[in-house]
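Each remark here refers to the structure printed beneath this line.
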Amino acid sequence: MKVLVLFTDMIRANRLSLFNENFSHVTPLDQSLKKIGGTAYTNCFTQGPDTPRGISSVLTGKSPFFNGCDVRLKWPRFFLDPSLKTIFDLFKENNFKIDILSDPRERAIGIFPEDIASFYEDDNTYDIDSFFKNLIIENDHFIFLCLPQFHWTLDAYGASLNGEKNAHLDISNTIDKVFNYVDKDTFDHIFIFSDHGFKFTHEIRTEPEHLLLNSDRTNTIMMHREKFQNNLAYSNKLCSITDLYPTFQEILGTSANSDSISLFSKKEHEYVVIEDHINFMPSVNQNIELWSLVTPSHIYIRQLDKAHIINRNNNIIESSVIVEYDQILERESSYGKYKNEFEKVFVYSKNLQLVIGTNFDKLYDFRRNKRSPAISYIFKVKDLIVNFIIKLFS
């Protein structure tokens, strides 16, 4: 059994005609993916739309809320729950040879669990040509390729249409290079996925904050190709990147212990829970500020003080609180913790201000009226003079 995984960082599914029938432009990436063939999962979402949380979800088959990497600065090497088996553990337990190509900077920051990261610690290069020239493919072999070229190029050119154009070209050239080195039918299974999408700079500047959790950053690409599957097929079932874990379990014939559903199953998720930040700057105890629940027909986006629902068929947005969805978010995300604190601190503070503004003001108005602003100013000046004299003679 030979399994190849291509992790293509930061690809936005709704900007590819292969995944979005309403997007008419055929990009170089569309062309490269079509040449590979396989099944495109057009309704796949990430539970945490950044690399640390996205990869942690793939590694464990569990959302960031349950795997330890629950904010965007918590990378798997340092924060992943050590009691959880990863996809690499699954293949190691079945005596597979494992080869990984990844950017050494990503490994240093913690993209892989400790045992994987330390194994490749001496490799300080990112050289696809050298990797494949030295690669000897064996019968039971799991190959995991990190392809960050889209992210690199978008960072260099900026999150603009021009940046996206160049980034699509770079990632498509990289994928083409991979399959120039190896015949796609060498592998029993090929998986191609992204951990999250992105927002253009103009979208960040003009859109309301809650739209950070619409489909732009959360709907990701997911493809699976079985050996000799040259034609393209499509699946619109609601799935998530955590579903790779039980899919690998099914391939290996091991018992499923994931919270997710194999991509091969006809079953789909009833919903996918996502949570995210508004402020992306590094900080200790970084706050989660947005939560969403994706269903086949809607995206429900929750903030502490309001909620919005997006109709996925026509993109109409309404302000609406749905109690049933809030209850799911309370069980399966950090929303319950933040809601509890919000109600105890901010709602209490607001109510206290209302009390002070009514009853207390009446009690203390007589004291305020006895002292005019001018007299208060005189006493402040007096304090400054006294303080100056004390410092002068001390």
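The values are calculated or read from the model by the stated rules, or taken from the named source; none is laboratory data. Bear in mind the structure is a predicted one, so any value in this text is a computation, not a measurement. Counting neighbours? That spans all protein chains shown, and the Cβs are built from the backbone with ideal geometry, glycine included. For the accessible areas, the whole protein counts, side chains as well, though only heavy atoms, and no ligand, DNA or RNA atoms are used. Shrake-Rupley method; radii C 1.70, N 1.55, O 1.52, S 1.80 Å.
Here residue 109 fulfils each of the conditions (1) out of contact with any strand residue (DSSP E or B) (no Cβ under 9 Å at 6 or more places or on another chain); (2) among the aliphatic types (A, V, I, L, M); (3) open to solvent by less than 10 Å² (accessible area, probe 1.4 Å) apart from (3). Residue 77 meets all of the listed conditions (1) closer than 10 Å to residue 59 by Cα; (2) in contact with a helix residue (DSSP H, G or I) (Cβ under 8 Å, 6 or more places away or on another chain); (3) open to solvent by 30 Å² or more (accessible area, probe 1.4 Å); (4) in a helix (DSSP H, G or I) but one, namely (1). Being surrounded by fewer than 23 Cβ atoms within 10 Å (Cβ to Cβ), in contact with an Asp or Glu (Cβ under 7 Å, 6 or more places away or on another chain) and among the polar types (S, T, N, Q) holds for only one residue in 235, 262, 283, and it is 262. Picking from residues in segment 203-232 that are in a helix (DSSP H, G or I) and open to solvent by 70 Å² or more (accessible area, probe 1.4 Å), the one that is nearest to residue 31 (Cα to Cα) is 204.
For segment 332-340, the criterion of a residue being over 22 Å from residue 46 (Cα atoms), part of a helix (DSSP H, G or I) and in contact with a Leu (Cβ under 9 Å, 6 or more places away or on another chain) is satisfied by at least one position. Contact map, segment 321-340: first residue within 15 Å of residue 271 (Cβ to Cβ), second residue part of a helix (DSSP H, G or I) and of a type in the set (Gly, Ala, Ser), Cβ cut-off under 7 Å, separation 6 or more or different chains; pairs are 330/336. Every condition in (1) among the hydrophobic types (A, V, I, L, M, F, W, C); (2) within 30 Å of residue 289 (Cα to Cα); (3) at pLDDT below 95 holds for residue 119 except the one numbered (2). The residues on offer are 312, 302, and the sole one that is open to solvent by 10 Å² or more (accessible area, probe 1.4 Å), touching a Pro at 6+ places or on another chain (Cβ under 8 Å) and at pLDDT 95 or above is 312.
Checking each residue in segment 80-107 for being assigned to a helix (DSSP H, G or I) and out of contact with any Lys or Arg (no Cβ under 9 Å at 6 or more places or on another chain) picks out 87, 88, 89, 90, 92, 104, 105, 106. Within segment 238-253, the set of residues being open to solvent by 20 Å² or more (accessible area, probe 1.4 Å) and either closer than 22 Å to residue 6 by Cβ or touching a helix residue (DSSP H, G or I) at 6+ places or on another chain (Cβ under 9 Å) (or both) comprises 250, 251, 252.
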